[in-house]
Every structure is written in structure tokens, then in C-alpha cells.
Amino acid sequence: MLMNLSDLTRNSCILQGSFARKGYMRWWHSFSGINVQTGKARTFFVEFFIINPGLGSSRPILGQHPYYRKRGMKPSYVMIKAGAFPDENGEDGRQLHVFYPISSLQTAGSPLVMQVSTQAADEKSYSAEGIQEGTCFYSENKLTGFVSVTPGKARHRSLMTDGGYMKWELEVSKAASCHTGILGGRLFQALHLLDSYWHGEGIRSFFRGSVILDGTSYEVTPELSYGYADKHWGRCFNNPWFQFACGKLTSQRTGKELRHSVLAVSGFCPRFLCFPFRRRFLLQLTYMGEDFEFTKCKWDVKETDRRFIWHILARSRNAVLKLSGSCKKEEMLHLRYESPDSRLSKQPLWAGANGIGTLQLYRRGMEGRELLDTLKLENSLCIYRRDETQSPPAY
């Protein structure tokens, strides 16, 4: 059962057992900032990604590097992924990767605190002024760090990165959470009943601070950040991979933006031993202080040459939700990851932060359904990769 319930223990758990030797963890954060010179908004992301920590050494092991591929070595490293989604013109999007050995990672307790030092990276990182930066730091209420990738480094395919640099200093306040109940609990993890687990500790988050992207400064304020934070972990990525989240909802009934309302959707693929079951959705809507939780969802994806279009119908005992959303392809990136077994997906992982949509929420009662509100969705996070067994669509 989904609940708007914080669980710092679940957000801090580290891979153990076979998952430590064949598994991944990723703490994702996305938020908007305002260009201090032009006043235009951009959406950024910062992620801590750890893969196969039980195989770690004093150097990052890159699964796509010819040296390690030739020797059949699985990837093992800490990757800091940071960047920005394309703007409204489909330009200037990028993702920057810096890799660290597992030995450089320092962690502490619950709530989790993590940091890696540039002194231990495969190459030291420098700002535009040639000044070496300190650490990349994560906690439940603070994010600081710096990534820098030279054009020469960006040409190495094994790094899966673009070129550029980004620095961030952020405070985080996580206002709403999505707890997956028993599905992410110790029993399910001990028996490896899911390939991938999800916990939305900050599906509605407020960010405050600053970002510098290739010399351009951005101010991040809580009321305009529309922040999102979650965690995925497991032995492989979801197939298909689907997420949709929105913290900018406007009520048609009142005509006002709902500051403390949020929608979060995530798919997962349960299995018993090596036998997969039907794909399922987890959906939570926090609306005007009331939480609506859905696990019975039908969904459909339509891909055109210009955009993705999603339709979702969700039901619970006391509510019905209908969602139609879309995102332009030109405003999306192809996020790049390698799996714990060194595999690169044949299907691109599309990700954007400028999705739009409409949501209708109904209350179910003895006399039928009552429309509570129609919500306009903007600045939605959209992440999608089709089933790898599917053929590309014919436009």
C-alpha cells in the first residue's frame, strides 16, 4: 500500500548480498532554476549512482572501457551524474559524468550522508578558473558538488558523457513522500522478488541555492524549484521503464496553483525466482492535503515522430483518476547508463522535465462518481524506455 510516509531507513539502505555484486543504487534529484541574467527557467538534475559496490577496487571499473570488457570485468564505481534538460527550443541539454572508485565513497548512518572526493577520482576536476574543487556531498537536506568533463574526455565512449561543467550548492526540504509498503520491504528484498525497487522520499521537494552551468549562473528558489527526489535500487533496470511526476498542478475549480499537491507514478516488474509477472504501476496523488493511492492502473503509450503521449486510468476503492500527459522529444535527453552486467540497452531512455497534461480526479461513492477537480499539469518529469523486446514504432 502506498502512503505519504517518510522512511529515511529505506532511503539509506545500501546493497547487500548478491545485490552488492550485481546491483545498482541511484539517488535522483531534479529541480528548476532561474537564469540570473535572462530570467528564463531551466531544469537541472543531480544523481548519485553506485553500481556493483561489492566488486570495487581502488580505481573505477568502467564496463564499456575496452580494457575491462576484454577481461570480462563488470562495472564497479560511483558515478556523479549532473546536467540540464533541453530548453523550450530543444537546445543546450547535456549530461555530465564523473567516475570515482568505490573506495572513495564515504557513508554514514540513517539518515544517509554520502560524499566522494575529487582527490580520489580517476582524474581531478577543475573549475573554469583552474581551481580544483572539493567533494560531491549528499544528505537528506543538502546537495553540493562539481563535475567537469573536458571535450577530450567526452569523446571517450566508455564514459557515456557530454562535455562541460556544473557546480551546485543546494538546500533541500522534502515535503511529500511515496512509500511502497511491503513491496520495498526487507522480505521482498531478501527473497529478490523484484528486479528493481523504488522509494519516493521527496516526490514533492523544495530546493534553495545556486547552480553554475558552463559559466552561467542560476538561482534556485523553493517556490519555483518544482523539485523531485527519489531512489531506485536492484539488480537490473525496469523493462519497460516508466516514470511521470509533477509538482506544478493548477486547479480548474479554484484557478490557483496547488503549492502542496503532487503526482508521482512509477512502474515496476515483479518476479518470483526467474519468472516475471505482469507489469504494475504505483501511483500517488496528494491533493489539497488528502492522499490518493492507486495500485490498479491501466496505461497506454503512443509514440509519434515528435512526442510521447501517455494515458493512465487508475482506480481505488474510493477514487478514480484519469491522466493524459505528453512530452516533446526535442525537450528530452537520452539518459545513459550501463547495467550491472555491463550491458547497454538497445532502446534509448528518454527523459524530459517539461511534460504537460490533464488529470481528472473522481470520488467514488454509493451514488456513483463525483468529479472533485480537473488539474492542469506542467513542468512534469517524464522518463520512458519501451520494452526492449518491442520493435521500434512505424511513424
message = So, restricting to strands (runs of 3 or more DSSP E) that lie completely within segment 166-253, which ones have at least 3 residues that are of a type in the set (Phe, Trp, Tyr) and surrounded by 20 or more Cβ atoms within 10 Å (Cβ to Cβ)?
response = 196-213, 241-246
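For segment 50-71, indicate whether the set of residues that are under 27 Å from residue 353 (Cα atoms) and either out of contact with any His (no Cβ under 6 Å at 6 or more places or on another chain) or open to solvent by less than 10 Å² (accessible area, probe 1.4 Å) (or both) is non-empty.
Here is the first cut: in segment 50-71, the ones under 27 Å from residue 353 (Cα atoms) are 50-51.
Add one more test, that the residue is either out of contact with any His (no Cβ under 6 Å at 6 or more places or on another chain) or open to solvent by less than 10 Å² (accessible area, probe 1.4 Å) (or both), and what stays is 50-51.
Within segment 50-71 (the criterion being under 27 Å from residue 353 (Cα atoms) and either out of contact with any His (no Cβ under 6 Å at 6 or more places or on another chain) or open to solvent by less than 10 Å² (accessible area, probe 1.4 Å) (or both)), the answer is yes, since at least one residue qualifies.
Kindly establish whether residue 33 is out of contact with any helix residue (DSSP H, G or I) (no Cβ under 7 Å at 6 or more places or on another chain), of a type outside the set (Phe, Trp, Tyr) and on the phi > 0 side of the Ramachandran plot. Can you show your working first?
Values: out of contact with any helix residue (DSSP H, G or I) (no Cβ under 7 Å at 6 or more places or on another chain): yes; of a type outside the set (Phe, Trp, Tyr): yes; on the phi > 0 side of the Ramachandran plot: no.
No.
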query = What single numbered condition from (1) assigned to a loop (DSSP other than H, G, I, E, B); (2) among the hydroxyl-bearing types (Ser, Thr, Tyr); (3) open to solvent by 50 Å² or more (accessible area, probe 1.4 Å) fails to hold for residue 358?
reply = (1)
key: Every residue from segment 71-120 that is closer than 23 Å to residue 155 by Cα, of a type in the set (D, E, K, R) and in a loop (DSSP other than H, G, I, E, B)   = 71, 74, 91, 92
request  = Tell me, please, whether a residue that is of a type outside the set (Phe, Trp, Tyr), touching a Phe, Trp or Tyr at 6+ places or on another chain (Cβ under 7 Å) and under 27 Å from residue 170 (Cα atoms) can be found in segment 19-28.
outcome  = yes
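Go through segment 350-372 and count every residue that is closer than 30 Å to residue 42 by Cβ and of a type outside the set (Gly, Ala, Ser). First the steps, then the outcome.
Kept after step one, since they are closer than 30 Å to residue 42 by Cβ, are these residues of segment 350-372: 350-359.
From what is left, the residues that are of a type outside the set (Gly, Ala, Ser) are 350, 354, 356, 358-359.
The qualifying residues number 5.
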remark   = (1) of a type outside the set (A, V, I, L, M); (2) touching a Gly at 6+ places or on another chain (Cβ under 6 Å); (3) not in a strand (DSSP E or B) all hold for residue 31 apart from (3)
query = Counting only residues that are open to solvent by 10 Å² or more (accessible area, probe 1.4 Å) and in contact with a strand residue (DSSP E or B) (Cβ under 6 Å, 6 or more places away or on another chain), how many does segment 1-14 have?
reply = 6
task = Only residues that are crowded, with 19+ Cβ neighbours inside 10 Å and closer than 18 Å to residue 377 by Cβ: list them for segment 327-352, please.
result = 327, 331, 332, 350, 351, 352
request  = Check off (1) in contact with a helix residue (DSSP H, G or I) (Cβ under 9 Å, 6 or more places away or on another chain); (2) surrounded by fewer than 21 Cβ atoms within 10 Å (Cβ to Cβ); (3) in a strand (DSSP E or B) for residue 297 and give me the number that stays unchecked.
outcome  = (1)
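Taking the residues in segment 255-270 that are over 15 Å from the mean Cα position of the chain (by Cα) and in contact (Cβ under 8 Å) with a residue 12 or more places away in the chain as candidates, determine which candidate is nearest to residue 345 (Cα to Cα). Before the answer, list the steps.
Just the residues of segment 255-270 that are over 15 Å from the mean Cα position of the chain (by Cα), to begin with: 255-262, 269-270.
From the residues that got through so far, the ones that are in contact (Cβ under 8 Å) with a residue 12 or more places away in the chain too are 258-262, 269-270.
Working: 258: 38, 259: 37, 260: 37, 261: 35, 262: 31, 269: 17, 270: 20 Å.
The extreme case among them is 269.
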task = Report, ordered by the first and then the second residue, all pairs with beta carbons closer than 7 Å, sequence separation of six or more or different chains, a first member in segment 22-48 that is more than 18 Å from residue 166 (Cα to Cα) and buried (at least 20 other Cβ atoms within 10 Å of the Cβ), and a second member that is charged (D, E, K, R) and modelled with pLDDT under 95.
result = 23/235
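The values are calculated or read from the model by the stated rules, or taken from the named source; none is laboratory data. This one's a predicted model, so the numbers in the text were calculated from it and none came from an experiment. Note: ideal-geometry Cβ built from the backbone for every residue, glycine included; neighbour counts use all protein chains shown. SASA here: full protein model, heavy atoms, side chains in, ligands and nucleic acids out. Shrake-Rupley method; radii C 1.70, N 1.55, O 1.52, S 1.80 Å.
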